Every structure is written in C-alpha cells, then in structure tokens.
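Nothing in this text is a laboratory measurement; each read-out follows from the coordinates by a stated rule. All values reported here derive from a predicted model rather than from experimental measurement. Note that we place each Cβ from the backbone using ideal geometry, even for glycine, and neighbour counts take in every protein chain shown.
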Amino acid sequence: MPKSLKILVLAENLDVNASSAAKGRLSLIRNLVKCVTIIKVLHYSRQEILIEGCESISIKERKSWFYYLGKFVILLQRFIPVKLNEYVEKKRGFSFTHTADALSMKAAVQKEDCKQYDYILTLSLASSFRTHRTLLDLPDWHSKWLAYVHDPYPMHSYPRPYDWVEPGHQYKRDFFKSISQNAYRIIYPSQLLAEWMESYYHEAQNKSVIIPHLIDDSLVFKASFPTYFEGKCFNILHSGLLMSARDPRSLIQAFIEFLNEYPLAMEDARLVFVGIESVFHKEMYEIQKEYSQLVISDGYEEFHITHAMQQKAAVNVILEAKGPLSPFLPGKFPHSVAANKPILLLGPHYSESRRILGEDYPYYSEIHNIQLIKSHLKDLYNYWKNDTDRSKLNRPDVAEYLSVTTLKRALTQL
C-alpha cells in the first residue's frame, strides 16, 4: 500500500438512526481516515453528516423524469390494489425511484476528477445497491472501483430461510454479474460471504478483500438508559430487529426454565429485547404478564441509547436464523466485542460469527437447543454473580481482528 491514498467514498445513507447498516459504514469510513491521508465522502443521506477528518458532502436529489415517475407510482398505489412497483421491477429490474436515486448520485460523482483519486469505494444498504448501479454507468472509474458487498444479492442468492425469488430477479442477477466483472476489487465484511458469493458469481473470484465490521473507537459511552433497563441487574440483551427467521422463543423458554431452577435469579436477572415489534411480540407480551423479568422495549431506541445498554449489559445476544449456514457478520458484532462482555451466540453451526470467535467458543448453541442455552445462562449468571474474570469476554485477538490493523492489512491487498 502506498504511504498515502486518496479515496472517494460514495455512500447511500450514513444516518445511524435511520439504518443499523449505516453504523458499520460510518465506522469503516472513520477507520479509513486513520490510515488514509485524504478521504472525501459523497452521501445520499438527505441531511448533513459530519465526519471528523474528512470532507463530507450530502448529495442533492435531482428531479429527473424517473423521479416524477416514481412519485406517480407511489401516489397511484394509494388508490388501486395493484402492487405497481412489482410490475415495474418485473419489466425493468428496478423501480423508477431506484433509477432516479442512482442518477442523482451519478451527477455528484461526475463533478469529481477521476484522475485525482486512487480509488472509489461504493457503500450501500440492505438490498438496494444504488451506489453500485451508479458506478456501472461510469466506466472511467471501473479500474479504481472498490465495490463493498454487505449481503448476498439478489434475494434468491441468500441461504435458507431468507431466499426467495423477487420481481425482476434475472435483471438483478445480471446487474450483479456486471458488478463482479467491472469492479477492481470486491470488499466483503465476511469470509463466508465472500466464498458464498463467489459460488454464484465466478467473475468475482480473485477479487475478494475481507474487511470485517470494525470497532469504532470514536464512540463514547454515555450512561443514558431507558427506565426499563436496570443497570445493576444481570441483563441478557438482544438489540435489533427480530425478523421472522430470527426466532427468540427457545431463548425465552430457556430463560424461563433458568429462572424456575434459580429462584434467586428472579430478583436480578432480566432478558431484554430492544427493537421494533416483530411477529413474535404478541406471544412475548403474553409471557411478560407472568414473567416480568422478560423486558421489552416500547420500540426502536436511538443508537446512542442502544450502544449504552450494550456496554452495560452482562451478556449480549447474537441471534441468527435457523438454517444451514449464516455468512453474515452482524453489524452489532463489533459493539458486542468492544463491550468486553460474553456474547451468547445462537445460530447455525457454520456462521461468520462462530468462525471469528472459534469453534471452541463456550457460549454457542444452535437456536432451538433449549437445554444448552439454559446451561449457558446458568454459567454466565454464576460468573456474573461471583464477579469472576469469566464474566468478561476477554478476547483481544477478536478485538484486534476488528481493529484498524486489519484494515491496514486489507488495504495492502488492493
């Protein structure tokens, strides 16, 4: 890697309260600032985002014909029972709004001089990949293009149980094949994800660079807790969205059995779920009527509040879907490691989180193994109660892997 690099970052959204993925993207940028001389960020957050150490510009929305077509579809959708966007995506792969946003970002990048930069890094959210679509239309940048791929794409490329065939899936597959062919390097936050995507897109082979979600040292712990979070308790915290595939019921049942077998824990043990309502919440509210130790937030909490709870919790839970493997590295993984509290990892035998923690990591279970989860809760409670060293995560090797050191090493592979 040269002593200094100049990188242009094109990001879709960096508002940490609008998307959990934005936290990881912002952390990556902040860590890049530590190892790269000049970073300029163009983002489509629709608000000003200040990033210390680099120039940050909010991209203005351009009112193209696709913009007006997108608004028309949304307006018409209110009056007719037909899912118009599905029809549009079947015919052309992407919604009119998706195209309009990509054109707005394209106009912003075209104002930059390609020759002045060593690389351009594209960062997107969820299944959008708008920034990547923008770069496909700018061939002058392809030899410098670092395409960040955070999830499988399109949806039929996901592992079970997330896979499904979405409207326009062949257009989307061809789109990602073009990314694989034209990007200079493809950056993944997960080794398993890189291997998974290369099995679908052979064009992506030999282009992979792994940069995990990184610990953000700029985050400051602020002891600001909601009233439902009792800091002095043995708090087992799950923060984030409970999607239908992330079933918390075995964890809840293990917690209830743990309480019944450890009556003293009724006083100071809490299982806390923070996030918006899910398909499981109705059942969870019924259980809560009998077990007040099951604590459920009123909805979404802003990031600084959730982060404070992660730092204070006795145990942080990473709950993954039941399936053959999980190639995803959860965005909250580095926050959990930085908290230096045990992680209760519930998921498939093959997962990126388990790969990093190691197969001998003691607090792992498959999602539906109630007895093993209960055993882990007993051990963790006793360590916490007795204030032993085992009440800490104590994994400097994992913290190092999620640090700027790994980023610097990855940059040498470019």
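List of remarks:
- On the beta carbon distance between ARG92 and ASP397, with R0 = 41 Å, the FRET formula returns roughly 0.30.
- Rg/Rh for the chain, where both radii come from Cα atoms and Rh is the Kirkwood radius: 0.98
- If a spin label sat at a point 7 angstrom from the Cα of VAL279 along the line to its beta carbon, the backbone N atoms of the range 166-207 nearer than 19 Å would be those of 166-167.
- Shown here for the range 10-105: GluC sites (Glu not before Pro) in loop regions (DSSP other than H, G, I, E, B) with at most 12 other Cβ atoms within 10 Å, namely GLU48, GLU52.
- Net charge dipole, the range 192-263: roughly 240 debye, given to the nearest 20, about the Cα centre with Cβ charges of +1 for Lys and Arg and -1 for Asp and Glu.
- Lysines with Cα under 19 Å of LYS6, excluding same-chain neighbours fewer than 8 positions away: LYS34, LYS40, LYS111, LYS115, LYS144, LYS408
- For the chain, the mean residue ellipticity at 222 nm estimated from helices alone is -11500 deg cm²/dmol, where every DSSP H run of n ≥ 4 contributes -39500 (n - 2.57) and the total is divided by all residues, rounded to the nearest 500.
- With 0.36 nm allotted per residue and the present C-alpha distance subtracted, the LYS83-LYS408 stretch has 112.4 nm of extension available.
- Among 26-34, 105-113, the order from most to least packed when residues are scored by Cβ within 10 Å on average: 26-34, 105-113
- Cross-link check: pairs LYS222/LYS312; LYS83/LYS177; LYS23/LYS322 evaluated at a Cα-Cα cut-off of 19 Å; pairs beyond the cut-off: LYS83/LYS177; LYS23/LYS322.
- Pairwise centroid distance, computed over Cα atoms, of the range 335-378 with the range 177-199, Å: 27 Å
- Note on the chain: dipole from Cβ charges, positive end direction compared against TRP164, ILE373, ILE39; the farthest Cα belongs to ILE39.
- Mean separation of Cα contacts under 8 Å, 6 or more apart, over the residue count of the chain: relative contact order %: 14 percent
- Footprinting exposure proxy ranking of THR412, THR406, THR99, fewest other C-beta atoms within 10 angstrom first, gives THR412, THR406, THR99.
- Computed label-point distance, nm, for sites LYS222 and GLN371 using a 7 Å Cα→Cβ extension: 4.7 nm
- For the peptides 167-178, 67-78, the ranking by mean Cβ contacts within 10 Å, running from highest to lowest, is 167-178, 67-78.
- Taking 0.890 mPa s as the viscosity and 25 °C as the temperature, the Stokes-Einstein diffusion coefficient of the range 179-251 based on its alpha-carbon Kirkwood radius rounds to 148 µm²/s.
- Long-range Cα-Cα pairs in the range 6-211 (distance over 28 Å), rounded percent: 27 percent
- Straight-distance candidates among the aspartates and glutamates for linking to LYS385, with alpha-carbon spacing under 20 Å and chain neighbours fewer than 8 residues away dropped: GLU230, GLU257, GLU261, GLU267, ASP268.
- Counted over the range 234-399 with a bin width of 5 Å, the fraction of Cα pairs per bin, in whole percents, is 2, 9, 19, 23, 23, 16, 7, 1, 0.
- Here SER178 and LYS289 are evaluated by their C-beta separation; at R0 = 51 Å the FRET efficiency comes out at 0.45.
- Note on GLU257 and TYR171: the model spin-label points, each 7 Å out from Cα along the C-beta direction, lie 4.9 nm apart.
- Expressed as a fraction of 2.2 N^0.38 Å, the value expected for a compact globular protein of N residues, the C-alpha radius of gyration of the range 13-66 is 1.23.
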